[in-house]
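Everything below concerns the one structure shown next.
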Amino acid sequence: MILRSSEVMVADYTSELAKSVAPDVLERFTRYVRVDTRARFDRERSPSTPGQLDLSRILVDELKGLGLSDAELDEHGYVYATLAATVPDAPVIGLIAHVDTSPEAPGAGVEPIVHREYDGGVIDLPRGGTRLDPAAMPELAGKVGHTIVTSSGDTLLGADDKAGVAAIVAAVAYLSAHPELPRPTLRIAFTPDEEIGHGATLFDIPKFGARCAYTIDGGAIGGLQAESFTAVEVKLVVEGVAVHPGYATGKLVSAVRLAGQVVAELPSDRLTPDTTSGREGFIHVVSFTGTPDRAELRVIVRDFEEDLLDAHVALLRETAERVVGAAPRASLQFELTRQYHNMRDYLASDPDVLEAVLEAVKAEGIEPLVAPIRGGTDGSRLSEMGLPTPNVFDGGYEYHSVREWASVQEMAAAAAVIVRLAEVWSRR
Ligand SMILES: [Zn+2]
């Protein structure tokens, strides 16, 4: 019985390499997730929260301990370090993960729980009544025999993106201990504030000095993303005419009512996040604040195609202008901010970047799943800024929620893919 169960465990790893790095990945991961690195919207400095620096300092110390003597934390909260090549002529390759966690779920006091040899049943977590039900989570249902890590139920886990951080550090530790393995110069970066859209903002691409890079940030085993949304945010401000309601007859023009009407007249059976999938874009109202005097809507608009994105923005503008225009004494401001651009347009002209990681994933015995990411990563903006950066899976699921979980077997597979990616680039 014991023998059989240990055979199952061996079989669940993608390779001997993944199996050998798994204890290190798990040990690092369960330590990193305990550090509260929750980012904050409306940041006043980089990073937005001091907890991110706590983890970044730990990472600098660990990288130095692994022999990466130039490891440093810069004034904006970015960690940079170099693992020297064993094949000096090979191109310099970057590996990137983010230390912050999402502001959308509680991130303080994370107490990870390790569920060994998952039996395929419901996982009830001790706090918050949180329940992971494989009937509602098909991806979890497929992980029988895996070691699953969850939070205690009242916080997120932080696999986004500490699974990526742990996979990178474990891969660096492995490579550092195996100088006989071929590898190019590897540049490592850990970024702050990815979750609030600023992971790339103060990234020093010239100093990083890599030919291309890979974010290890999210998703199921084998997942590779070389395509992201193109993204804009629209701020709509409606100004009304406020009057004491007792004396308002024929005078009051309520901004909050008009803004509500704008939201109500946007499509609800299409072009929303919950009615779209695959390559379809959407218009998504993410905040609504207001008084009769002034109301503000923040709306994110997403698509993979520029012309469709422009059409969604035009629909939003027409709807707002029509509704507010019908109230002659109200006024409308429409302010558009470009957030990030589909990385496909930058990666298509440099096919080696994706081909190398496809080769590494296959070498690990994994079937690659190349799919567009319905969001953005640090790589979306880094690619636009001149550093081609596709995204690689890290074995974490149900991000930004108290149900977040990760598979140790898949995090270890991500670390093994990094080791193989180094070998692939050493030959190019
Ligand atoms: Zn992430």
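In sequence order, what are the phi-derived ³J(HN,Hα) couplings for the stretch 146-152 according to the Karplus relation 6.51 cos²θ - 1.76 cosθ + 1.60 with θ = phi - 60°, rounded to whole Hz, with x for glycine and proline?
6, 8, 9, 10, 10, 7, 7
Give the angle, between 0 and 90 degrees and rounded to the nearest 10, that separates the Cα long axis of helix 51-65 from the longest principal axis of the Cα atoms of the chain.
20 degrees
Going by C-beta contacts inside 10 Å, put Phe334, Phe393 in order with the fewest on the left.
Phe334, Phe393
If I histogram all Cα-Cα distances within the stretch 109-178 using bins 5 Å wide from 0, what percent of pairs lands in each bin?
4, 15, 19, 22, 19, 10, 6, 4, 1, 0
At 25 °C and a viscosity of 0.890 mPa s, what translational diffusion coefficient does Stokes-Einstein give for the stretch 204-352, taking Rh as the Kirkwood radius over Cα pairs? Give it in µm²/s as a whole number.
Approximately 137 µm²/s, per Stokes-Einstein.
Assuming a ≥ b ≥ c are the square roots of the Cα gyration tensor eigenvalues, decide whether the stretch 147-186 counts as rounded (a/c under 1.5), prolate (otherwise, with a/b larger than b/c) or oblate.
Prolate shape, in that a/c is at least 1.5 and a/b is the bigger ratio.
Quick one: which residues, 5+ away or cross-chain, put their amide H under 5 Å from the amide H of Gln339? H built at 1.01 Å from N.
Excluding prolines and chain starts, which carry no amide H, the hits are Ala231, Val232, Glu233.
Any idea what the relative contact order of the chain is, in percent, if you count C-alpha pairs under 8 Å spaced at least 6 apart? Write out the running numbers ahead of the final one.
Working: 1008 pairs, mean separation 103.0, N = 428.
So the answer I get is 24 percent.
Show that you can apply the helix-only estimate: for the chain, add -39,500 (n - 2.57) for every DSSP H stretch of four or more residues, divide by all residues, and state [θ] at 222 nm to the nearest 500.
Working: 12 runs with 143 residues, N = 428.
One gets -10500 deg cm²/dmol as the mean residue ellipticity at 222 nm.
Just flag the trypsin sites (Lys or Arg not before Pro) in the stretch 288-339 sitting in loop per DSSP whose Cβ has no more than 13 other Cβ atoms within 10 Å.
Arg329
Determine the shape class of the stretch 326-428: with a ≥ b ≥ c the square roots of the Cα gyration tensor eigenvalues, call it rounded for a/c under 1.5, and otherwise prolate if a/b is greater than b/c, oblate otherwise. Walk me through the numbers before you get to the answer.
Numbers: a/c = 3.77, a/b = 1.76, b/c = 2.14.
Judged from the Cα gyration tensor, the stretch 326-428 comes out oblate (a/c at least 1.5, b/c at or above a/b).
Give me the Å³ per residue figure for the convex hull around the C-alpha atoms of the chain.
Output value, Cα hull per residue: 154 Å³.
Using only the alpha carbons of the stretch 7-122, determine the length spanned along each of the three principal axes and report them from longest to shortest in whole angstroms.
Result for the stretch 7-122: principal-axis Cα extents of 50, 45, 22 Å.
What distance in nm separates the simple spin-label points at Ser287 and Ala314, each placed 7 Å from Cα in the Cβ direction?
Going by the 7 Å Cα→Cβ label model, 3.0 nm.
If you bin every alpha carbon distance in the stretch 215-294 into 5 Å steps from zero, what whole percent lands in each bin?
3, 11, 16, 15, 14, 11, 9, 8, 6, 3, 2, 2, 1
Name the shape class, rounded, prolate or oblate, that the alpha-carbon gyration tensor gives for the stretch 271-364, where a ≥ b ≥ c are the square roots of its eigenvalues, rounded holds for a/c under 1.5, and otherwise prolate holds if a/b is larger than b/c and oblate otherwise.
Values: a/c = 3.27, a/b = 2.92, b/c = 1.12.
Judged from the Cα gyration tensor, the stretch 271-364 comes out prolate (a/c at least 1.5, a/b above b/c).
Name the long-range amide H neighbours of Thr272: under 5 Å, sequence gap of 5 or more, or other chain; modelled H, no Pro or chain starts.
So Thr272 has HN proximity to Ile283.
Label points 7 Å out from Cα along the Cβ direction at Arg34 and His76: separation in nm?
Label-label distance for Arg34 and His76, simple model: 3.2 nm.
Which percent of Cα pairs goes in each bin when the distances of the stretch 112-152 are cut into 10 angstrom slices starting at zero?
Once binned at 10 Å, the Cα pair distances of the stretch 112-152 give 31, 61, 8.
Projected area of the stretch 137-263, taken from the Cα convex hull and averaged over every viewing direction, in nm²?
For the Cα atoms of the stretch 137-263, the hull's average projected area reads 15.6 nm².
If you plug each phi of the stretch 255-272 into the Karplus form 6.51 cos²θ - 1.76 cosθ + 1.60 with θ = phi - 60°, what whole-Hz ³J(HN,Hα) values come out, in order, with x for Gly and Pro?
Ordered by residue, 3J(HN,Hα) equals 5, 5, 5, 4, 4, x, 5, 4, 4, 5, 8, 6, x, 10, 9, 7, 6, 10 Hz.
Throughout, read-outs are computed from the coordinates displayed, never taken from laboratory work. This structure is a prediction, so every number in the text was calculated from the model and none was measured. All Cβ positions, even for glycine, are placed from backbone atoms using ideal geometry, and neighbour counts span all protein chains on display.
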